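**Student:** Please read through the structure below; I'll follow up with questions.
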Amino acid sequence: GAMRHLPYFCRGEVVKGFGRGSKELGIPTANFSEQVVESFPSDISTGIYYGWACVGNGDVHKMVLSIGWNPFYKNIKKSVETHIIHTFKEDFYGEMLSIVIIGYIRPEKNFDSLEALISAIQEDIEEAKRQLDLPEHLKLKEDNFFHLPEGKIVNNH
Ligand code: ADP
Ligand code: MG
């Protein structure tokens, strides 16, 4: 489930999520459309992943990604949400988000408190930063995928 499909390249528009208040927690997540999510391998594991991300033709940044069950569809559909480890000046709804998913961190979990959830995500972010500094992972940051013309949806090129 988790590693077989990695690295996984994906490009798609950033759409409005379901307002779980990720931004209020200081951890905004850029959501992909249902169509893009459905293009993912159906047996890819839910959970938290790390990789690289780029908005439009901007710089490539570290990211953590969650593949989870979409509460908006009574948890029968997956959602894919990317938190880019970078501070942006503005929101980027409607822009093209390119990602490469490289590694798996952990499965989805339920938390007893908001504090526990936030600290788990902070740990995920630290783990992603460490992993992505490894030479074999840094290499993918320079992948041609991030320098292809925009607008084209390329899944797993
Ligand atoms: P939504 O429910 O609409 O996804 P969020 O609270 O998750 O709302 O915020 C996500 C939005 O925040 C993204 O679509 C993007 O426009 C913006 N954003 C700003 N900074 C980041 C970041 N570092 N990572 C991801 N999204 C960001
Ligand atoms: Mg979101």
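The values are calculated or read from the model by the stated rules, or taken from the named source; none is laboratory data. Here the structure is a predicted model, which means the values were calculated and not measured. Reconstructed Cβ throughout: ideal geometry from the backbone, glycine too, with neighbour counts over all protein chains shown. Just the protein is used for accessible areas: all its heavy atoms, side chains included, with ligands, DNA and RNA removed. Shrake-Rupley method; radii C 1.70, N 1.55, O 1.52, S 1.80 Å.
**Student:** Failed condition for S113, given (1) of a type outside the set (D, E); (2) farther than 23 Å from A2 by Cβ; (3) open to solvent by 70 Å² or more (accessible area, probe 1.4 Å); (4) without any contact (Cβ under 8 Å) to a residue 24 or more places away in the chain, with all others met?
**Tutor:** All conditions are met except number (3).
**Student:** Do we have any residue at all in segment 133-147 that's at pLDDT 95 or above, surrounded by fewer than 18 Cβ atoms within 10 Å (Cβ to Cβ), in a strand (DSSP E or B) and of a type outside the set (F, W, Y)?
**Tutor:** no
Residue-wise test of (1) near ligand 1 (Cβ under 10 Å from one of its atoms); (2) in a loop (DSSP other than H, G, I, E, B); (3) over 15 Å from the mean Cα position of the chain (by Cα); (4) farther than 22 Å from Y104 by Cα.
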position	(1), (2), (3), (4)
R20	yes, yes, yes, yes
L25	yes, yes, yes, yes
P28	yes, yes, no, no
Y50	no, no, no, no
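**Student:** Which numbered condition in (1) surrounded by fewer than 19 Cβ atoms within 10 Å (Cβ to Cβ); (2) within 16 Å of ligand 2 (Cβ to nearest atom); (3) not aromatic (F, W, Y) is the only one that G56 fails?
**Tutor:** Among (1) surrounded by fewer than 19 Cβ atoms within 10 Å (Cβ to Cβ); (2) within 16 Å of ligand 2 (Cβ to nearest atom); (3) not aromatic (F, W, Y), the lone unmet condition for G56 is (2).
**Student:** Filtering segment 57-101 down to residues that are in contact with a strand residue (DSSP E or B) (Cβ under 6 Å, 6 or more places away or on another chain), in a loop (DSSP other than H, G, I, E, B) and modelled with pLDDT of 95 or more, which residue is nearest to E127 (Cα to Cα)?
**Tutor:** I85
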